[in-house]
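Reading through the structure tokens given below for one structure.
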Amino acid sequence: KAIMAISENGVIGNKGELPWYIPEDMARFVELTKDHDLLMGRKTFETLPISFFENHKDSKFIILTSAPDDVMDFIVEFCLDDFCHFRFVTPTQLGHFIYEIEDVENIMVIGGAEIYRQLLPYINTFYLTEVYREFEGDTTFDTTYLKQEFTEYVVDTEFSFFEGCHVTFYEYTRNGEWFDLDEE
């Protein structure tokens, strides 16, 4: 599974932050990621607020990084290891790690853009929030593959008073055959 929010012009981030403030989307993000093991890149990990970790005490945090020691220093500095479980995976270990994991359906990919691109062929469900406004940003994502290979379901549409625009919550499920690690 994966979860992401994206603007009309394909922006998903700006300087390591979301370029918008939409409480409804943040609430959906927290709810959908609960009870999942969360896979993310180092930059995404370092932008999460401490409250997110406190709300996900039962989750395992799988961090894709080529510098686990740097990430561990961050974890110790904020005492996150007191109440959370972390696992570090290097880019060269990622394929083997995913193949080895027992409950692959419990993993939720939460970013960043390169992680989504690498893992999209292995994702069966993708939760997407479309923000109907253009934003400036330095991180973008192309949803063409997602819209071609998945079936789209509209979950809800709301108006964000904070950003003055509509947002639509989608759930995409993979069409046809997909890579099932449990059958291999």
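The values are calculated or read from the model by the stated rules, or taken from the named source; none is laboratory data. All figures in this text were calculated on a predicted structure; none of them were measured in a lab. With ideal geometry, Cβ positions are generated from the backbone for all residues, glycine too; neighbour counts draw on all protein chains shown. Protein only, heavy atoms only, side chains kept; ligands, DNA and RNA dropped before computing areas. Shrake-Rupley method; radii C 1.70, N 1.55, O 1.52, S 1.80 Å.
Given the condition among the small types (Gly, Ala, Ser) and under 14 Å from the mean Cα position of the chain (by Cα), answer yes or no: does some residue in segment 38-55 qualify? If you could, list the steps in order and put the result at the bottom.
Initial filter on segment 38-55 (among the small types (Gly, Ala, Ser)): 41, 51.
Restricting the remaining residues to those that are under 14 Å from the mean Cα position of the chain (by Cα) gives 41.
Checked segment 38-55: at least one residue is among the small types (Gly, Ala, Ser) and under 14 Å from the mean Cα position of the chain (by Cα).
Across segment 28-49, which residue is farthest from Phe97 (Cα to Cα) among those that are open to solvent by less than 60 Å² (accessible area, probe 1.4 Å), assigned to a helix (DSSP H, G or I) and not polar (S, T, N, Q)? Before you say what the answer is, go through the steps one by one.
Just the residues of segment 28-49 that are open to solvent by less than 60 Å² (accessible area, probe 1.4 Å), to begin with: 28-30, 32-33, 36-41, 44-45, 47-48.
From the residues that got through so far, the ones that are assigned to a helix (DSSP H, G or I) too are 28-30, 32-33, 44-45, 47.
Cutting the leftovers down to not polar (S, T, N, Q) gives us 28-30, 32, 45.
Details: Arg28: 28, Phe29: 25, Val30: 25, Leu32: 23, Phe45: 18 Å.
Applying the filter and picking the extreme gives Arg28.
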Looking at Lys57 and the list (1) surrounded by fewer than 19 Cβ atoms within 10 Å (Cβ to Cβ); (2) farther than 16 Å from Phe86 by Cβ, which single condition is not satisfied?
(2)
Scanning segment 146-166 for residues that are surrounded by 11 or more Cβ atoms within 10 Å (Cβ to Cβ), among the polar types (S, T, N, Q) and free of Cβ contacts under 8 Å to residues at least 60 places away in the same chain, the one nearest to Met26 (Cα to Cα) turns out to be Thr157
Any residue in segment 3-24 that is under 28 Å from Gly164 (Cα atoms), among the hydroxyl-bearing types (Ser, Thr, Tyr) and at pLDDT 90 or above?
yes
Across segment 80-116, what is the total count of residues that are under 18 Å from Lys57 (Cα atoms) and without any contact (Cβ under 8 Å) to a residue 12 or more places away in the chain?
2
It is to be established whether one or more residues within segment 168-178 are among the charged types (D, E, K, R), at pLDDT below 95 and under 22 Å from Leu32 (Cα atoms).
yes
Are there any pairs with C-beta distances below 9 angstrom linking a residue in segment 125-145 that is in contact (Cβ under 8 Å) with a residue 40 or more places away in the chain and part of a loop (DSSP other than H, G, I, E, B) to a residue that is acidic (Asp, Glu) and open to solvent by 70 Å² or more (accessible area, probe 1.4 Å), with the two at least 6 apart or on different chains, and if so which?
Tyr132/Glu8; Arg133/Glu8; Glu134/Glu8; Phe135/Glu8
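Could you tell me how many of the residues in segment 79-122 are among the polar types (S, T, N, Q) and either open to solvent by 60 Å² or more (accessible area, probe 1.4 Å) or more than 18 Å from the chain's Cα centre (by Cα) (or both)?
So the first thing to find is which residues in segment 79-122 are among the polar types (S, T, N, Q), and the list is 90, 92-93, 106, 118.
Those left that are additionally either open to solvent by 60 Å² or more (accessible area, probe 1.4 Å) or more than 18 Å from the chain's Cα centre (by Cα) (or both): 92-93, 118.
Within segment 79-122, residues that are among the polar types (S, T, N, Q) and either open to solvent by 60 Å² or more (accessible area, probe 1.4 Å) or more than 18 Å from the chain's Cα centre (by Cα) (or both) number 3.
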If we keep only residues of segment 123-141 that are of a type outside the set (Val, Ile, Thr) and under 18 Å from Asn175 (Cβ atoms), then the residue surrounded by the fewest Cβ atoms within 10 Å (Cβ to Cβ) is Asn124
Counted residues, segment 1-25 - those being surrounded by fewer than 16 Cβ atoms within 10 Å (Cβ to Cβ), at negative phi and not in a strand (DSSP E or B):
4
Look through segment 61-78, keep the residues that are in a loop (DSSP other than H, G, I, E, B) and either in contact (Cβ under 8 Å) with a residue 60 or more places away in the chain or open to solvent by 60 Å² or more (accessible area, probe 1.4 Å) (or both), and return whichever of them is farthest from Val109 (Cα to Cα).
Phe78
Collect the residues in segment 2-36 that are of a type outside the set (A, V, I, L, M, F, W, C) and closer than 15 Å to Tyr127 by Cβ, keeping them in residue-number order.
Glu24, Asp25, Arg28, Glu31, Thr33, Lys34, Asp35, His36
